[in-house]
Amino acid sequence: MVQVEEPQDYVDVLQSHRGGFSFENCKRNAYLAAQAGIKPPTAMKSGTTICGIVVKDAVILAADTRATNGPMVADKNCEKLHYIAKNIYCAGAGTAADLQHTTEMMESQIELLRMATGTQPRVCTVVKRLSSMLFKYQGYIGCALVLGGFDVTGPHLYQIYPHGSTDKLPFTTMGSGSLAAMAIMEAEYNENMSIEEGKKLVAKAIRSGIFNDLGSGGNVDVCVITKDAGGNILRNYEKPNERKFRAQHKAFPKGTTPVIKETIMKLVSVETDVVMRD
Amino acid sequence: MQAPVEHRWSPYADNGGTCLGVAGEDFVVVAADTRLSQGYSIHTRDCSKVTQLTDKCVIVSCGMKADAITLHKHLKARLVMYEHQHRKQASVTAIAQMLATTLYYKRFFPYYTFNVLCGIDDEGKGAVYHYDAIGSFERVPYTTSGSGSSLVMSVLDAQIAKGNQTVDTPPLDKRGIVELAKDVLSSVGERDIHTGDYAEIFLIDASGVTPTRFDLKLD
């Protein structure tokens, strides 16, 4: 558990309130774990395979759709491609809540910037803001992102780690299924692909993650970002995992559930001096 | 400087998977998936958890595959010796007791297996026995074991025991139970990451052991 030091004087107290998270509850959590035997709740992670490539005239992102909570599948068809701006999208792996809130915050900040400057937002702006924020929180915010977009300076693809480091790359994969997806990418990527070939490649890479990594599964979502049309999400571009067998169950007959107690409460009292008009 | 952390090598591994057994009037249905996994990786998609011990008895084990292989091998050897001594095949009740003592022999370094023993007893009725890792066992009308067992048990409780229902519907027949087992394994394959790929269903009745196979999701 975290070691929490007692504040010695007012300087320590002020120091402990500077920036980042407030760690006051850590002392409470340590007490609960030690004395009351209460374990802290675990965050829901998305196992995940996400990837992105830069082709001629486009950036293509793709993701699987499984969210896991330990060994259980929490969501079979969740959305991992997040909208940041019309021309900037982000695929996310890591803690589901962190991803949702971080990307929504970026979306709102970038929209405000777009209105303030009157220009199309740039990918490098989002990268800088994300990496600064993640670094500030020292990796406690579990977001691993593949950020892609097409702005005035051209197509860009970045990969951002939870501790705040960034890499600018022609193709990238992240998440628990990243090794499976990277195997496909390394074998088949080349920079002169068309958009159709690019879509097929990312879908193949995600499929590789879906079938070979247990933390990834479900369907393939693809997002194509071009210069003129901006970003276009192809939700469930491929659905390689339809349920194969479903038995026909007879409906439960009326009266199946045992009724233990019946209470009828008068909630409404009708006033007799109210006259209904015709 | 980090506080000292003790690193211990563990002799056990969890290879995942789910299995279930349901006893009928004069038959037993055994079902298990065939995925072998470790952590987030798949070792193989096609590995049977089930071993046929006699004409009327089948054992299925979830947990650690290495221990399951050794345990099944050990049991088969003991059963050959039983046949030589007694001039007949061991009954399900005899095998059940032997499995319990075999498991308890390794009380202080257990077989990491969660077994379900199924077969037809001497009276011709279906028998299912549920075991823990060290040999505590009980004859039950139906049971389940493995990583998806909590998902399966609730469904079996509702559809077979019907303890939460007042209306009397007739019990499921052979075909109904096989359909239920298929549906249950498909459902567990949807929600448990360690269960999937293919499933084996064994129907044991007076005519012997009939295996069938069907597909689960591969993701």
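The values are calculated or read from the model by the stated rules, or taken from the named source; none is laboratory data. Everything numeric in this text was worked out from a predicted model, so none of it was measured. Backbone-built Cβ (ideal geometry, glycine too); neighbour counts: all protein chains shown. Remember, those area values only see protein heavy atoms, side chains included, never the ligands or the DNA or RNA. Shrake-Rupley method; radii C 1.70, N 1.55, O 1.52, S 1.80 Å.
So that you can scan it fast, the table gives a plain yes or no per residue for (1) loosely packed, with under 14 Cβ neighbours inside 10 Å; (2) under 19 Å from A:Phe150 (Cα atoms):
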residue	(1), (2)
A:Glu191	yes, yes
A:Thr226	no, yes
A:Glu242	yes, no
A:Arg246	yes, no
A:Gly255	yes, no
Tally, over the range A:205-220, of residues that are open to solvent by 10 Å² or more (accessible area, probe 1.4 Å) and more than 7 Å from chain B (Cβ to nearest Cβ):
3
Single match in A:Asn232, A:Asn190 (criterion: without any contact (Cβ under 8 Å) to a residue 12 or more places away in the chain, under 30 Å from the mean Cα position of the chain (by Cα) and part of a loop (DSSP other than H, G, I, E, B)):
A:Asn190
Kindly establish whether A:Val11 is modelled with pLDDT of 85 or more and out of contact with any Leu (no Cβ under 8 Å at 6 or more places or on another chain).
no
Does A:Thr119 satisfy the criteria of being part of a loop (DSSP other than H, G, I, E, B), more than 14 Å from chain B (Cβ to nearest Cβ) and hydroxyl-bearing (Ser, Thr, Tyr)?
yes
Please find, among B:Tyr112, B:Tyr131, B:Tyr142, the residue that is closer than 21 Å to B:Val209 by Cα and not acidic (Asp, Glu).
B:Tyr142
From the list A:Gly92, A:Gly139, pick out the single residue that is at positive phi and free of Cβ contacts under 8 Å to residues at least 60 places away in the same chain.
A:Gly139
Which of the strands (runs of 3 or more DSSP E) found entirely inside the range B:110-219 contain at least 3 residues meeting this: under 30 Å from B:Tyr12 (Cα atoms) and more than 14 Å from chain A (Cβ to nearest Cβ)?
B:113-120, B:126-131, B:137-140, B:142-146
The range B:34-55: number of residues that are in a strand (DSSP E or B) and within 13 Å of chain A (Cβ to nearest Cβ)
7
Quick test for you: out of B:Thr102, B:Thr93, pick the one residue that is open to solvent by less than 10 Å² (accessible area, probe 1.4 Å), of a type outside the set (A, V, I, L, M), free of Cβ contacts under 8 Å to residues at least 60 places away in the same chain and not in a strand (DSSP E or B).
B:Thr102
Only one of these is open to solvent by less than 50 Å² (accessible area, probe 1.4 Å), farther than 26 Å from B:Asp122 by Cβ and not hydroxyl-bearing (Ser, Thr, Tyr): B:Cys62, B:Cys57. Name it.
B:Cys62
